[in-house]
Amino acid sequence: VCLLMVNGLIIAQQKDTSLGKVFYTFKHMVDTTNTKYFREENMGLNLGTYINEYYSVDKIKKDSIAKAQIVQSGGMVINTSGKKVTSTKIFSDKISKKIVVNETLLKLYYYDDTYPRIDWKIIDAIKEIGGIKCTKAVGDYKGRTYEAWFTTELGIEGAPWKLVGLPGLVLEAYDVKMQVQFLFAGLEKNTGKMIEINSVPQNGIKTSKKDFQQLKEAAANNPAAFINSASSDAGLGFKISADNSTGNFKPKKQQNPLELIDN
């Protein structure tokens with residue numbers, strides 16, 4: 001494994017040994033006034049020896065289809081519409097207890113995020129998920145109380161999204177209101193296989209969580225100006241005014257975001 005030091009953060013830059021992958025069906029009630037609608041997406045957790053990568057399986061499939069269209073059409077993307085997918089990747093370092101987030105907004109960005117310190121309470125409750133015995137745990141994170149089912153039978157640590165900190169592999173988790181759900185969808189074992197897990201993307205722009213969120217809002221306010229700015233080599237490039245407004249409207253904020261509180 002090749003290690004790189006970035007602002008005190010040790011990350012696996014080249015190759016890691018894969019311990020397998022877990023797949024989840026992610027369900028999110030994005031609006032509590034419409035309780036019947038859940039945004040759904042197929043997600044994956046790439047389990048390395050040193051670092052785990054949480055990503056969208058649907059985005060990989062969508063990108064693959066887009067590339068095939070470009071080849072077939074001689075360089076033109078025929079149709080980019082369809083299901084909304086997540087471009088965010090979350091890398092959790094099991095050694096240094098750090099998190100690196102990758103984002104895509106025309107260009108690639110990455111920033112350090114706070115490693116969750118969830119005070120998990122392990123409960124005397126057992127159930128099987130996918131034929132694997134799991135133990136229940138309960139913990140609070142970002143304004144929600146989560147129930148997580150984890151297994152120690154595989155000798156692997158990991159969790160979907162940022163629900164880290166349990167002594168095993170989380171196969172299923174959901175908040176007690178069932179507004180956010182990570183449901184087990186499959187397990188792929190490939191112990192010993194070498195894989196690429198690069199938490200610092202090639203040509204990625206280093207930023208902070210706050211700056212990226214401002215950039216994202218600015219892009220939503222004035223897409224044309226943002227695209228023109230992003231086409232330059234000016235890094236973050238896009239200028240945000242004192243009131244963080246660059247257009248005549250504000251993007252609609254999510255009514256029921258994953259993280260209900262910032263601290």
So LEU166, is it crowded, with 21+ Cβ neighbours inside 10 Å and outside any helix (DSSP H, G or I) = yes
message = Quick check on the stretch 188-213: of everything there that is over 24 Å from LYS94 (Cβ atoms) and open to solvent by 60 Å² or more (accessible area, probe 1.4 Å), which residue is nearest to the chain's Cα centre (by Cα)?
response = GLN213
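Could you pull out the residue among ILE90, ILE60 that is touching a Lys or Arg at 6+ places or on another chain (Cβ under 7 Å) and either aromatic (Phe, Trp, Tyr) or modelled with pLDDT of 90 or more (or both)?
None of the other options fit; the residue is ILE90.
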note = Looking across the stretch 22-53 at residues that are in contact with a helix residue (DSSP H, G or I) (Cβ under 7 Å, 6 or more places away or on another chain) and not aliphatic (A, V, I, L, M), the single one that is nearest to LYS98 (Cα to Cα) is GLY44
note = If we keep only residues of the stretch 95-154 that are among the polar types (S, T, N, Q) and in a strand (DSSP E or B), then the residue least open to solvent (accessible area, probe 1.4 Å) is THR151
query = Does LEU154 satisfy being touching a Leu at 6+ places or on another chain (Cβ under 8 Å), aliphatic (A, V, I, L, M) and modelled with pLDDT under 95?
reply = yes
request  = Kindly establish whether THR86 is among the polar types (S, T, N, Q) and part of a strand (DSSP E or B).
outcome  = no
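The values are calculated or read from the model by the stated rules, or taken from the named source; none is laboratory data. Given the structure is predicted, the values throughout are model-derived calculations rather than measurements. Here Cβ is always computed from backbone atoms with ideal geometry, including for glycine, and neighbour counts include all displayed protein chains. Accessible surface is based on the protein model in full, side chains and every heavy atom, while ligands, DNA and RNA are left aside. Shrake-Rupley method; radii C 1.70, N 1.55, O 1.52, S 1.80 Å.
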